[in-house]
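Right, one structure below, let's go through it.
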Amino acid sequence: MHESLSTKLIIEHQYLFRRMSVIECDDGWFNIVSNMCSELSNIQGCFFQQIKESHGRLVTQLIGPDKAQCIADRYRELSTRICRLCGSDGEICHRGIQYQTLCYNHMIENKFKKGVDITATCNGCFDGLTSGHMFFLGYVKGQTQRLVVGINSDRYMIDVKGVEPMYTQEERKSGLLNLEIVDEVHTFDESNPIEFIKKVVPDMHFTGAEYIETCAEKQACDDLHISLKFVPRVGKWSSTKLREERKNEDRQV
Ligand SMILES: [Zn+2]
């Protein structure tokens, strides 16, 4: 933390800082550390041994009663939602075994500096690309550099969904890859994209806004610190529905 900020805290809470004088985290967490100090300064005999960032969290080692540790634990949890650099809303991002809590802008900037692409995933049948599909894919690509799409296999569509696909999985895959905005396509047999997501481990996963309540992959995204995002539905989306509508129209004619 910048010296001018840490000095302010140290002067204000001298007893807490009697055994240490360097706060080993970035300026974005100044408010968290400051609020934690205010709470802890009310507890007698409590002082810090170390304050540092570790695995994207604010870790505080202190001497003091259990309730002091409880307060420090609460601020550790809070730090996983605040950008360590600027203090705005953030989330834990990962790169291999490295974790840090950043806002979206700093995550992008950080990766950009390292020359690492931001990866996003989404999934669906994509059986005959509709204008809705195009909006959806364009929306996702607008927020990422590398777009990896998961598609349901023919086996899933026939055996589980009970729908004969208009196009085979190979045709659907090459159709998507022909779009300049799609970088990779994976095919999966499962009824949800959890295994696909675990394999790719993207920075963000996108799904339709109608799945906010029922999203099967939410837990997996939380566990892997993948940001789950919802896309508003615009235009005709489902190719299955479109086909049914066409059939009905044909019957009416
Ligand atoms: Zn930030």
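What is the helix-to-structure angle for 66-79, meaning the angle in degrees between its Cα long axis and the longest Cα principal axis of the chain, kept from 0 to 90 and rounded to the nearest 10?
40
Label the chain by shape, choosing from rounded, prolate and oblate, from the square roots a ≥ b ≥ c of the eigenvalues of the Cα gyration tensor; if a/c is under 1.5 it is rounded, and otherwise prolate applies when a/b is larger than b/c, oblate when it is not.
Judged from the Cα gyration tensor, the chain comes out prolate (a/c at least 1.5, a/b above b/c).
State, to one decimal in nm, how far the label point of Lys198 lies from the label point of Arg74, with both points 7 Å from Cα in the Cβ direction.
Rounded to a tenth, the inter-label distance reads 3.6 nm.
Could you tell me which residue out of Phe136, Gly208, Cys25 lies farthest along the dipole of the chain toward its positive end? Charges go on the beta carbon: Lys and Arg +1, Asp and Glu -1, centred on the Cα centre.
Final value for the positive-end residue is Cys25.
Taking the Cα centre of the stretch 3-93 as origin, work out the dipole magnitude from +1 charges on Lys and Arg Cβ and -1 charges on Asp and Glu Cβ, in debye rounded to 20.
Computed about the Cα centre, the dipole is about 240 debye.
5 Å is the cut-off here: which amide hydrogens, built 1.01 Å from N in the peptide plane, fall below it relative to Gly150, excluding neighbours closer than 5 in sequence?
Distant-sequence amide H within range of Gly150: Cys122, Asn123, Gly124, His186.
Measure out, as a whole number of angstrom, how far apart the alpha-carbon centroids of the stretch 101-163 and the stretch 1-48 sit.
Value for the Cα centre distance between the two parts: 43 Å.
Amide H of Val231: which non-local residues (sequence gap of 5 or more, or other chain) have their own amide H closer than 5 Å, using H built in the peptide plane?
Hits under the 5 Å cutoff: Thr207, Gly208, Ala209.
Classify the stretch 39-116 as rounded, prolate or oblate from the Cα gyration tensor: take a ≥ b ≥ c as the square roots of its eigenvalues, call it rounded if a/c is under 1.5, otherwise prolate when a/b beats b/c and oblate if not.
Prolate shape, in that a/c is at least 1.5 and a/b is the bigger ratio.
Label-point separation (nm) for Gln61 and Ser21, each offset 7 Å from Cα along Cα-to-Cβ?
Those two pseudo-labels are separated by 2.0 nm.
If amide H atoms are built 1.01 Å from N in the plane of the peptide, which residues on other chains or at least 5 residues away come under 5 Å of the amide H of Val163?
Ile158
Could you state the angle between the C-alpha long axis of helix 131-141 and the longest principal axis of the C-alpha atoms of the chain, as a value from 0 to 90 degrees rounded to the nearest 10?
For 131-141 against the chain, the angle is about 30 degrees.
Placing +1 at every Lys and Arg Cβ and -1 at every Asp and Glu Cβ, with all other atoms neutral, what dipole size does the chain have around its Cα centre, in debye to the nearest 20?
It comes to approximately 440 debye.
Out of the stretch 10-98, which trypsin sites (Lys or Arg not before Pro) are coil in DSSP terms and have no more than 15 other C-beta atoms within 10 Å?
Arg18, Arg19, Arg81
Read-outs: derived from the displayed coordinates by stated rules, not from any lab. In this text the structure is predicted, and so the values were computed from the model without any measurement. Glycine also receives a Cβ, built like all others from the backbone with ideal geometry; neighbour counts cover every protein chain displayed.
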